[in-house]
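J.: Handing you this structure, nothing more for now.
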Amino acid sequence: MKTSELLKRIEEAFEKKLEEKTGWGRKELLSAYRSAVNEVLLEIADKAVKEEGKENE
């Protein structure tokens, strides 16, 4: 995955989280951003593990 694609996915996940609430503080924004980053990275890691498993079959 290209870096630009990764950043785009993170941006999309973060925007989705921002839409979930209307009142945000600094800590909540930071938490939502970290959550979005983790969500995307876990998704990519899961995909890589599945692909690696297919290659080893």
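The values are calculated or read from the model by the stated rules, or taken from the named source; none is laboratory data. Computed from a predicted model, the values in this text were never measured in an experiment. Positions of Cβ are generated from backbone atoms using ideal geometry, with glycine treated the same way; all protein chains shown enter the neighbour counts. Remember, those area values only see protein heavy atoms, side chains included, never the ligands or the DNA or RNA. Shrake-Rupley method; radii C 1.70, N 1.55, O 1.52, S 1.80 Å.
J.: Could you tally up the Lys pairs in the chain with alpha carbons closer than 28 Å? Skip any pair fewer than 8 positions apart unless they're on separate chains.
T.: 18
J.: Could you work out [θ]222 nm for the chain from helices alone, using -39500 (n - 2.57) per DSSP H run of at least four and dividing by all its residues? Round to the nearest 500 deg cm²/dmol. Let's see the in-between values first.
T.: Values: 2 runs with 47 residues, N = 57.
Result for the chain: -29000 deg cm²/dmol, rounded to the nearest 500.
J.: Would you calculate the separation in nanometres between label points at R34 and L6, each defined as 7 Å from the Cα along the Cα-to-beta-carbon direction?
T.: 1.9 nm
J.: Using a 10 Å cut-off on Cβ atoms, rank the peptides 29-42, 12-25 from the highest mean neighbour count down.
T.: 29-42, 12-25
J.: Relative to the present Cα-Cα distance, how much length would full extension add between L41 and K16 at 0.36 nm per residue of separation?
T.: 7.4 nm
J.: Skip the ligands, DNA and RNA, and give the accessible area per residue of the chain with a 1.4 Å probe, whole Å².
T.: 88 Å²
J.: Roughly how many percent of the accessible protein surface of the chain is carbon and sulfur, given a 1.4 Å probe and a whole-percent answer? Present the calculation step by step, with values, prior to reporting the outcome.
T.: Numbers: 2570 of 5020 Å².
That fraction is 51 percent.
J.: Note the listed values (1) 29, 11, 8; (2) 43, 7, 4; (3) 21, 14, 11, then indicate which one is semi-axes √(5λ) of the Cα gyration tensor in Å calculated from this particular structure.
T.: This structure yields the entry labelled (1).
J.: A further question on this structure: Roughly what angle does helix 26-55 make with the longest principal axis of the chain, taking Cα atoms, 0 to 90 degrees, to the nearest 10?
T.: Long axis of 26-55 versus the principal axis of the chain: about 10 degrees.
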